[in-house]
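Participant: Pasting in a structure now, in structure tokens, and then I'll have a few things to ask.
The values are calculated or read from the model by the stated rules, or taken from the named source; none is laboratory data. As the structure is a prediction and not an experimental result, all values here were calculated from the model. Here the Cβ positions follow ideal geometry from the backbone for every residue, glycine too, while neighbour counts run over all protein chains shown.
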Amino acid sequence: MATLSIKGVRKSFGSVEVLHNIDLELEDGGFLVLLGPSGCGKSTLLSIIAGLEPSSGGDVVIGDRTVNDVHPKDRNIAMVFQSYALYPTMSVRRNIGFGLEMRRVDTSSREDAIARAADLLQISHLLDRKPGQLSGGQRQRVAMGRAIVRNPDLFLFDEPLSNLDAKLRVEMRTEIKRLHDRLGTSVVYVTHDQVEAMTLGTKVAVMKGGVIQQLADPQTIYEKPANMFVAGFIGSPTMNFLTGTLEQHNGGLALHHGSAVLALTDIEPGAEAFVGKQVVAGIRPETFSKGEGPSSLTGTVDVVEPTGPDTMVVLDVGGQMISARLGSRERPHPGEPMTLNVDTSALNLFDPDTGNRI
Amino acid sequence: MAFARSRSKLVWDIGSYVVLILLAFICIAPIIWTFLTSIKLEEDIVTRNMIYIPTRITFEHYVNLWNQSGYPVLVINSMITTSVTVLICMLTGTIAAYSFSRFHFRGRTQLMLAYLIVRMFPAVLMIVPLFIVMRQVGLLDSSVGLAVAYTSFLLPLFVWMLKGFFDAAPKELESAARIDGTTRLGAMFRIVIPIARNGLLATAVFVGIAAWNEYLFALMLTTSQGSRTWPVGLQLMVGEFQLPWGMLAAGGIISILPVIVLFALVQRAMVAGITAGAVKG
């Protein structure tokens, strides 16, 4: 187990800088998720941590050791790849034990370690097969076995679940969480799936264009996104953005959008400076409830999507589409008028010019 | 309607088979004819009326060739030259192909093109400078010298072919191996080469066959029995006043035997190697 610090790491390919001055800290035993869309630099950052790619500047510190010039094999890390990267010519047993074999661990301790890892992952019956004879989920387990058998300081996962079908993905996600709870090893996990990020991470770094947009625990990321990109990226359906003017209202502040007035509570101190100006309000779909209230929006029902536990309603409010997550019993009809009350304590305000949180 | 369709299919099938059989015949007939000539009596070979199928069979051409003409030495020379060529290509070409496949260094594309350009010139153009170089370094008329000359034009083929096989091996496997504790070179030997072994075998067989059958360089760069290869030796049997058809045919058959045996042994792996990555596995 070890801490991980990334200090001012940069990476350029030719004249293109893909990582700009990345700073990260991961506590001992923590689970850091690097989350972002394709091409945001998250996998490159993981490769730099692994030592597979040299950085163009900055330091990577694992434990108390700066590892910038340390070969991947000497960093005491283990990595699970998106394609699993199992050696196709070797049996599962040798795949799992390969790292120990390379470190000249004697045969009997190696066999013990393989048996323990296989037992933990329930793949003992597969040890003599070749990777080609395994299903996707089994390969995934073998890849994890190969990682845990060495008892590394740090686990690196590069989108390990993206090749699995939906059901298996949920199962393996739980498995990874269980494994992390049991082993307590620090993890860096790359994904573009926000559900994985929210469920697994103790810390989530949302990345875009080679810059960390926000580094915080999942709850903070969800409830208090640092900017409109993070707000829009996390959550499904995505957060609604409603543009309006901030005004004084009954001694407090309120957002005016057309004829609607949303009285704001729990306002951040900086919001006063935006009185009289345009702001963007970020409203999560689940903060709506049907009916009149102190802060309500009225519009026309556009689309109704029953999902089973919830009913998703798209409401046309003065030309702006708003998604709301309502109870499963709500079954409005398209075209009919509807009024929704907003829980404004969960509302986020953003500066429309910079996109940053107010 | 259905009848017409099946009828046209039949005509099409017959047509295809006729063409295929014709092409196969063109390919195989010379080999069969050489074999038949090699087991005919001398007086049955050149006759007023062509004898297609020999009525009298003899193996005296094989015996004479082996015992009198020094043919075993030629075959051994060819084997040495071919082995050394394949060995040099394997040792240098494998590492070169790996570098081209994995590293993006300055001048990489130009260097690969330069490899190809060597193959674009006619072989004759290369012989004169090669001859001078070989004479100066004292490698003229030696098996090793001939192997080096072969390497000069077979190595590009080897590197280009093998690079394709290395490209097909996923890079993540090497990353995994490097994290597991191997060096870059260790990852190549332990992971990439075992994956690309069929490709390596196919490439080595291609180069081996090319070296085994090469004639022009061998003719120019060898002068004595000590290093002469079988294609040259066979050609030199044709004298001013004699043309030993039987022995020539026997020599031809003996020479293609190693190639046939080699193909039979490795053809499964070769086909797997050549078609690797062509379709989703």
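Participant: I need every pair where a residue in the stretch A:30-55 that is over 21 Å from residue A:235 (Cβ atoms) has its Cβ under 6 Å from the Cβ of a residue that is small (Gly, Ala, Ser), sequence separation at least 6 or different chains.
Facilitator: A:30/A:186; A:41/A:210; A:48/A:55; A:52/B:175; A:53/A:47
Participant: Restricting to the stretch A:1-46, and then to whatever is of a type in the set (Gly, Ala, Ser) and within 22 Å of residue A:194 (Cβ to Cβ), can you tell me which residue is surrounded by the fewest Cβ atoms within 10 Å (Cβ to Cβ)?
Facilitator: Filtering first and then ranking leaves A:38.
Participant: Also, quick follow-up: Here is a list of conditions, (1) surrounded by fewer than 18 Cβ atoms within 10 Å (Cβ to Cβ); (2) within 25 Å of residue A:233 (Cβ to Cβ), and residue A:322 meets all of them except one; can you say which number that is?
Facilitator: Looking at each condition in turn, residue A:322 falls short on (1).
Participant: Okay, next question. Starting from residues that are over 31 Å from the mean Cα position of the chain (by Cα) and in a loop (DSSP other than H, G, I, E, B), keep the ones in the stretch A:105-130 and report whichever is farthest from residue A:177 (Cα to Cα).
Facilitator: My answer is A:106.
Participant: Look at the stretch B:161-180 and say how many of its residues are surrounded by fewer than 21 Cβ atoms within 10 Å (Cβ to Cβ) and over 35 Å from the mean Cα position of the chain (by Cα).
Facilitator: Summing the residues that are surrounded by fewer than 21 Cβ atoms within 10 Å (Cβ to Cβ) and over 35 Å from the mean Cα position of the chain (by Cα) in the stretch B:161-180 gives 0.
Participant: Considering the stretch A:265-291 alone, what residues qualify as being at negative phi, assigned to a loop (DSSP other than H, G, I, E, B), surrounded by fewer than 18 Cβ atoms within 10 Å (Cβ to Cβ) and modelled with pLDDT of 85 or more?
Facilitator: Result: A:275, A:277.
Participant: Based on what the data block shows, is residue B:139 part of a helix (DSSP H, G or I) and of a type outside the set (S, T, N, Q)?
Facilitator: No, not satisfied.
Participant: Quick check on the stretch B:54-77. Is at least one of its residues under 19 Å from residue B:203 (Cβ atoms), surrounded by 14 or more Cβ atoms within 10 Å (Cβ to Cβ) and either in the same structural domain as residue B:226 (by TED's automatic domain parsing) or at pLDDT below 90 (or both)? Break it down stepwise before answering.
Facilitator: Pass one, the stretch B:54-77, residues under 19 Å from residue B:203 (Cβ atoms): none.
No, the stretch B:54-77 contains no residue that is under 19 Å from residue B:203 (Cβ atoms), surrounded by 14 or more Cβ atoms within 10 Å (Cβ to Cβ) and either in the same structural domain as residue B:226 (by TED's automatic domain parsing) or at pLDDT below 90 (or both).
Participant: Only one of B:155, B:130 is in a helix (DSSP H, G or I), more than 13 Å from chain A (Cβ to nearest Cβ), more than 20 Å from the chain's Cα centre (by Cα) and within 22 Å of residue B:114 (Cα to Cα); which?
Facilitator: Details: B:155 fails: more than 20 Å from the chain's Cα centre (by Cα).
Residue meeting the stated conditions: B:130.
For every residue, the table says whether it meets (1) under 23 Å from residue B:270 (Cα atoms); (2) without any contact (Cβ under 8 Å) to a residue 60 or more places away in the chain; (3) touching a helix residue (DSSP H, G or I) at 6+ places or on another chain (Cβ under 7 Å).
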{"site": "B:183", "(1), (2), (3)": "no, yes, no"}
{"site": "B:192", "(1), (2), (3)": "yes, no, yes"}
{"site": "B:205", "(1), (2), (3)": "yes, no, yes"}
{"site": "B:216", "(1), (2), (3)": "no, no, yes"}
{"site": "B:230", "(1), (2), (3)": "no, no, yes"}
{"site": "B:236", "(1), (2), (3)": "no, yes, no"}
{"site": "B:239", "(1), (2), (3)": "no, yes, no"}
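Participant: Which one of the conditions (1) within 10 Å of chain B (Cβ to nearest Cβ); (2) crowded, with 17+ Cβ neighbours inside 10 Å does residue A:74 fail to meet, given that it meets all the rest?
Facilitator: In the conditions (1) within 10 Å of chain B (Cβ to nearest Cβ); (2) crowded, with 17+ Cβ neighbours inside 10 Å, residue A:74 misses (2) alone.
Participant: Separate question: Those residues that are within 14 Å of another protein chain (Cβ to nearest Cβ) and charged (D, E, K, R), I need them from the stretch A:41-71; list them, please.
Facilitator: A:53
Participant: Which of the residues belonging to the stretch A:87-97 are within 19 Å of residue A:157 (Cα to Cα) and facing chain B (nearest Cβ under 8 Å)?
Facilitator: Selection gives A:87 alone.
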